[in-house]
1. Could you say which residue among Lys84, Lys75 is of a type outside the set (Asp, Glu), over 26 Å from Val159 (Cα atoms) and away from the ligand (no atom under 16 Å from the Cβ)?
2. Kindly indicate whether Arg220 is among the basic types (Lys, Arg), surrounded by fewer than 23 Cβ atoms within 10 Å (Cβ to Cβ) and either within 16 Å of the ligand (Cβ to nearest atom) or closer than 28 Å to Leu278 by Cβ (or both).
3. Residues Leu104, Leu129, Leu111, Leu115: which one is under 30 Å from Leu172 (Cβ atoms), touching a strand residue (DSSP E or B) at 6+ places or on another chain (Cβ under 7 Å) and within 11 Å of the ligand (Cβ to nearest atom)?
4. How many residues are out of contact with any helix residue (DSSP H, G or I) (no Cβ under 8 Å at 6 or more places or on another chain), within 15 Å of Ala8 (Cα to Cα) and within 15 Å of the ligand (Cβ to nearest atom) when one looks only at the range 23-47?
5. Residues Ser377, Ser308: which one is of a type in the set (Ser, Thr, Tyr), under 30 Å from Gly212 (Cβ atoms) and modelled with pLDDT under 95?
6. Look at the range 149-174 and say how many of its residues are part of a loop (DSSP other than H, G, I, E, B), more than 12 Å from the ligand (Cβ to nearest atom) and among the small types (Gly, Ala, Ser).
7. Can you name every residue in the range 132-148 that is in a loop (DSSP other than H, G, I, E, B) and more than 11 Å from the ligand (Cβ to nearest atom)?
8. Could you count how many residues in the range 13-22 are more than 8 Å from the ligand (Cβ to nearest atom) and in contact with a strand residue (DSSP E or B) (Cβ under 6 Å, 6 or more places away or on another chain)?
Amino acid sequence: MTTTTSIAVCGAGLGGLTAALALHQRGFEVTVYEQAEQLGEVGAGLQLSANAVRVFASLGLLDRLVSRASLPEGKQVRLWNTGKSWKLFDLGTESVERYGYPYLMMHRADLHDALREAFEARAPGRLLLGKRLAGFEEGADRVTLRFADDTSAQADVLVGADGVHSVIREQLFGDSDPKFSGCVAWRGVVPAADLPEHLRAPLGTNWIGPNGHVIQYPLRGGELVNFVGIVERDDWEIESWNTPGDSAECAADFKGWHPDVLALIEAVDTPMKWALKLRPTMTSWSSARVTLLGDACHPTLPFLAQGSAMAIEDGVVLARALERHPNQAEAFAAYEAARVTRTAAVVDGSAANTDRFHNPVLADPNQADAYVEAEWSQDNVGQRYDWLFDYDALTVEV
Ligand code: FAD
């Protein structure tokens, strides 16, 4: 093994760009290859808890992100039909006091723009668009990347940040064996001005019901409201951010839900629909010169709102491991030792939230309140979230 100098990152998503910034900060020569001809994130929101925001602070991006985010006062749980609400947890100053950093609710495009602009300013000419990786060959000293446009490139190390349909994972480990989860996600972003005043509060809301749940939260300082509606259905299996659905179909999936949920759905122009899939967790992500991060190696149901956060943590832990261990095999072993267990726990914890959020007792008004009070007691909430928000990707052992 040679000392790592040059690193190719495949994929300029949230995970790939975070990794690229963290690697560049540590003096590596990084080039990012992205298949898209033009960069732009989908119109959707993203929740960023303190564990992810800590990483961005270390990259000098905190003020920029805060200026484009919503900083909610807290999150609440609401019952699908009566609308009764319970506190989930406090955020705002509480997040800073408990975990060191604020909890941000952001438009994905705002976060992506901030990462891209920072990388292009710090490493000019090192983000190459229109470069769809077709495959790679690992030699004794280098890895050679082959692109669909018949060009190639070389680096000491290749990082596969190419998302849930990763070609790099497939070449290393074969098919990821996806299984439909039985849940479809609807999503949309709504101008807050189109909603009644009480739906514009600086709060995140998890609506829970017997066969689905809805996540609602403010974006861009309250200018926009994000809607994600998850429903149990078995007739839709396309896994894509860009498939438009139909408003009437979305409203039909939430028939009988509280008027606040229906008002949100009515305000969405064209709801997009995504089939949520499950994949077995992986115990190893690397070969001699190639490793993976983010959705390429641990895609998850979004029921803990931690998918991007895991990709973001991966990026900085991988950069620290490569800095600490000049030998790539040792660096990858340290990276996996720090990350595989945690990310698998997120995948399992997110899946466990399916039954918690969609429990049949929620249909019974005599049982629903007691169920919510027990499941969302402050002790249970602490056990489910503290270990996520407390994590410090900057000091975890590598
Ligand atoms: P991606 O963002 O998918 O980026 C992959 C990049 O690689 C893309 O730019 C792609 O074009 C590029 N690429 C792919 N193939 C190639 C190739 N062959 N050559 C070159 N480039 C390639 N996470 C949170 O933390 N909080 C949330 O609130 C949250 N909400 C969610 C809601 C929903 C409905 C869903 C479905 C997910 C949610 N997530 C959330 C999860 C989050 O979106 C993902 O975990 C995250 O985007 C993964 O980032 P990534 O960088 O690994 O992959």
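The values are calculated or read from the model by the stated rules, or taken from the named source; none is laboratory data. A quick note: this is a predicted structure, and the numbers were derived from the prediction, not measured. Every residue, glycine as well, gets a Cβ built from its backbone with ideal geometry; the counts of neighbours run over all protein chains shown.
1. Details: Lys75 fails: away from the ligand (no atom under 16 Å from the Cβ).
Just one listed residue meets the conditions, Lys84.
2. On the way: among the basic types (Lys, Arg): yes; surrounded by fewer than 23 Cβ atoms within 10 Å (Cβ to Cβ): yes; either within 16 Å of the ligand (Cβ to nearest atom) or closer than 28 Å to Leu278 by Cβ (or both): yes.
Yes, satisfied.
3. Working: Leu104 fails: under 30 Å from Leu172 (Cβ atoms); Leu129 fails: touching a strand residue (DSSP E or B) at 6+ places or on another chain (Cβ under 7 Å); Leu115 fails: touching a strand residue (DSSP E or B) at 6+ places or on another chain (Cβ under 7 Å).
Leu111 is the lone residue from the list that is under 30 Å from Leu172 (Cβ atoms), touching a strand residue (DSSP E or B) at 6+ places or on another chain (Cβ under 7 Å) and within 11 Å of the ligand (Cβ to nearest atom).
4. 3
5. On the way: Ser308 fails: modelled with pLDDT under 95.
So the residue among Ser377, Ser308 that is of a type in the set (Ser, Thr, Tyr), under 30 Å from Gly212 (Cβ atoms) and modelled with pLDDT under 95 is Ser377.
6. Restricting attention to the range 149-174, the residues satisfying the condition of being part of a loop (DSSP other than H, G, I, E, B) are 149-151, 156, 161-166, 174.
Going one step further and asking which of them are more than 12 Å from the ligand (Cβ to nearest atom), we end up with 150-151, 156, 174.
Within this subset, residues satisfying the condition of being among the small types (Gly, Ala, Ser) are 174.
Looking only at that region, the number is 1.
7. As a first pass, look at the range 132-148 and keep what is in a loop (DSSP other than H, G, I, E, B): 132, 139-142, 148.
Matches in the range 132-148: Gly139, Ala140, Asp141, Arg142.
8. Residues meeting the conditions: 2.
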